[in-house]
Amino acid sequence: MKKTIGIATMMAMAAVPLMAQVEAGKLARETAKEYREWARYPESSKALRQGEADPVKEKRMPTRQTRRGPDDAEPALSVWAAKVSFEKGQAVDLFASLEERGKAVAARAGLAGEIVDVTGAILAEVAYRDDGQAPDRRAGDGVWSARLEPSALASFPTASYMVRVQARLENGDLRSAAGGFLYSDPSARLTGRYRDSLRDGNLVIAAEVEVAETGRFHLAGTIYSPSGEPVGVAQAAANLEPGRHWIELSYYGLMFHERKVAGPYRLGTLALSTTHRMPNALNDLVENAHVTRAYRLGQMRQTSFERPQLLESAKRLELDAERAEREARERAPQQQ
Amino acid sequence: MMSRRLMVPLLVAVAFLAAAGQAAAQPCLIFVHGKQTNTNTFTSYASARNYWVNGSNDFIRTATKSFATSFYVVGYNGTRPYWESQSAGEVANEIVNATNGGADAGGNRCRTTFAQGGTFWVIAHSMGGAVMDFILGNNDASDPNFNLNGPYDQVAQRISLAITTGGAHRGSQGADAVCLQANPLCSFIAIFIQSCDDATFWLRSSDDVQVRTFSNAPARTVNLTGGYEAIFGASACLTGEDDGVVQYASIFACGGSATASYDNSNVCGNSSKQETSGFRNLDATHENHDDERNASDTDVRKAIPGGIWTCGGVPCAPNTTVQSAMNTAQFIAILY
């Protein structure tokens, strides 16, 4: 199946199920249904399904960028950073590994990395080591580590940086992969003070921020049940002057009914960012920031929000679907 | 006096009937192109229009059923990062213009305005997917980059849905390879990726440049289709199935690593996307990145997990051949 050059003809001859079809109006109809579902919550607050991962945490978890050799040859080189974003003053820890069938393999002469900015300029070079010295966790485990000390980053503007890594294999072949990290200088920080209340049947958690420079700030947080399940997310943004301010996250009450969970709730993850310019400056993720009082389920609102713009979109899509279905019916006798 | 009293309700009734009739009209298709290596599509309508043409093959003509459906062609600066004013900002302004009944630079306009009850479907190719993700994920005052450089809120209110073909939702390993400057075998289609310019830098697969790091879930559903026809040289540098420029993990907006390996059988379903909501699979096609936007390869289409095709009344099993000869433009034409 992989790499299908030259077999197009064979594929064209593949059997097509007789009844494979896209029903008339299906896309419009299903999208309308989805919008009616979404409309039950305000755009700033969403419920999570049972078993769904915490999206605030997911977005701050670094992922691996993996590249194999030509024609999918193993071993693959994987690179990643300790975090998606590092705050100014923090060391930047970078990792890499050569893997074959999921197992680390040796490199002939270590791994080398370059830190490259958007113009292509190489700002620094790093040597990866697998010697158990920090930040390397275990000597010889095949996970190579490198650290950019804050002093080496002092002159770096806050921006996105590419990490270009090369590894020489035992057989002399070269592997390369590109990762990256965001270097951030946020203009605000969370002070660690929180308060919670109920407003119109919604759970409101206010987080205090200390603003150093006028700007726009975005806060997103995931609320967890007492048993540790993520229940929903809320977000807010505000333009703020220097000083201390409160930003409120409002969790729409219906989500607690749908998951049948009463308080106390835990503010499991909280992500602050400075967003008046791109790339945004991300603060470190704060975990287990706050536990609320033991609110009863009956105190939470149970009604749907009914977002008017989404309902209008749904209505128009339903008309689209009806028209498409009608046209299909009209076409059908002509085709017989 | 008497005649005026009769006239007013009559005019209202006529206006209502007209609006109702128009509301059931076919959606206006708005086309958003992808990455460019020059500014031609931004400065010249002919270039923006020709993006969708290859010889006698015309994606827009086919998708609009020989222009029976009205359409609008967006032209933005495809050399700039997806979030900039000449990319996302320009696209947002043009979409709002389209929904107001304004003409594109070639004189094409949507038959029914938003105020008259019209519906609008955005068709985006390649980097156009990341541009739309950024706009639709920053449409609300609580979003991180709300209306950063254009009327994102109006776009989200007015479009009914988006369809991306070969969308670079999670960047492109082609961009990684070009920015690595490491493997001369990775010969990408020059019109899409020639050098590690600013747009390419921001289309890498690392977390620090991903659209999901700077956006929320899209406010309108983004429907996903893309190709698995390899391109000699280029596909050797991409993981899993790909269209020669963008790998499946990105085309189908998968959560987790943007370089994970997927095929038609196991590509991420609708509950494993880069956001908790707003992305939905349609199908896959034996087209390459070029074919996906110019209707020049009428080829096999395959079902994928959570896709739109039904076989005998139930969802077709992943990797089932659902059509033996249908290009993406023809596919779009059967969706409305």
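Overview of results
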read-out	value
Karplus-derived HN-Hα couplings along region B:242-248 (A = 6.51, B = -1.76, C = 1.60, θ = phi - 60°), whole Hz, x at Gly and Pro	6, 9, x, 9, 10, 7, 3
Estimated [θ] at 222 nm from DSSP helical runs (n ≥ 4, -39500 (n - 2.57)) normalised by residues in chain A, nearest 500	-5500 deg cm²/dmol
Sequence-distant aspartates and glutamates (8 or more away, or on other chains) whose Cα lies within less than 14 Å of A:Lys315	A:Glu30, A:Glu34, A:Glu37, A:Glu306
Overall form of chain A per C-alpha gyration tensor (a/c, 1.5; a/b vs b/c)	oblate
Candidates B:Cys311, B:Cys28, B:Cys196: whichever shows maximal mean-square fluctuation once chain B is modelled as a Gaussian network with Cα springs under 10 Å	B:Cys311
Under-5 Å amide H pairs with B:Ala124, H placed in peptide plane, nonlocal only	B:Val32, B:Ile163, B:Thr164, B:Thr165
Those aspartates and glutamates that a straight Cα-Cα span of less than 14 Å connects to A:Lys260, excepting residues fewer than 8 apart in one chain	A:Glu229
Estimated [θ] at 222 nm from DSSP helical runs (n ≥ 4, -39500 (n - 2.57)) normalised by residues in chain B, nearest 500	-7000 deg cm²/dmol
Cross-link partners of A:Lys83 among lysines (Cα-Cα below 27 Å; sequence separation of 8 or more within a chain)	A:Lys46, A:Lys57, A:Lys59, A:Lys103, B:Lys273
Residue exposure sequence - B:Lys65, A:Lys26, B:Lys35, A:Lys59 - by fewest surrounding Cβ within 10 Å	B:Lys65, A:Lys26, A:Lys59, B:Lys35
Percent breakdown of C-alpha pair distances by 10 Å bin, ordered from the shortest bin, for chain B	6, 27, 35, 21, 6, 3, 1, 0, 0
Distribution of pairwise C-alpha distances over the protein assembly as shown, 10 Å bins, in %	3, 15, 25, 26, 19, 9, 2, 1, 0, 0
Phi-based couplings in Hz for region A:321-326 (Karplus 6.51, -1.76, 1.60; Gly and Pro marked x)	5, 4, 4, 5, 5, 5
Gyration tensor verdict on region A:146-243 (Cα atoms; rounded if a/c is under 1.5, prolate if a/b is larger than b/c, oblate otherwise)	oblate
Prolate/oblate/rounded label for region A:47-136 (Cα gyration tensor, a/c 1.5)	oblate
Number of partner chain Cβ atoms within 10 Å, mean per residue of A:40-49	3
Shielding by partners, peptide A:173-182 (average Cβ within 10 angstrom, other chains)	6
Protection-proxy order for peptides B:220-228, B:125-133, each taking the mean of Cβ atoms within 10 Å per residue, highest first	B:125-133, B:220-228
Residue-averaged beta-carbon neighbours from other chains (10 angstrom radius) around A:115-125	2
Per-peptide average of other Cβ atoms within 10 Å, ordering B:139-148, B:201-210, B:52-61 highest first	B:201-210, B:139-148, B:52-61
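Just so you know, all these numbers are worked out from the coordinates, no wet-lab data involved. Owing to the predicted nature of the structure, the values given are computational and were not obtained by experimental measurement. Neighbour counts run over all protein chains shown; Cβ positions are idealised from the backbone, glycine included.
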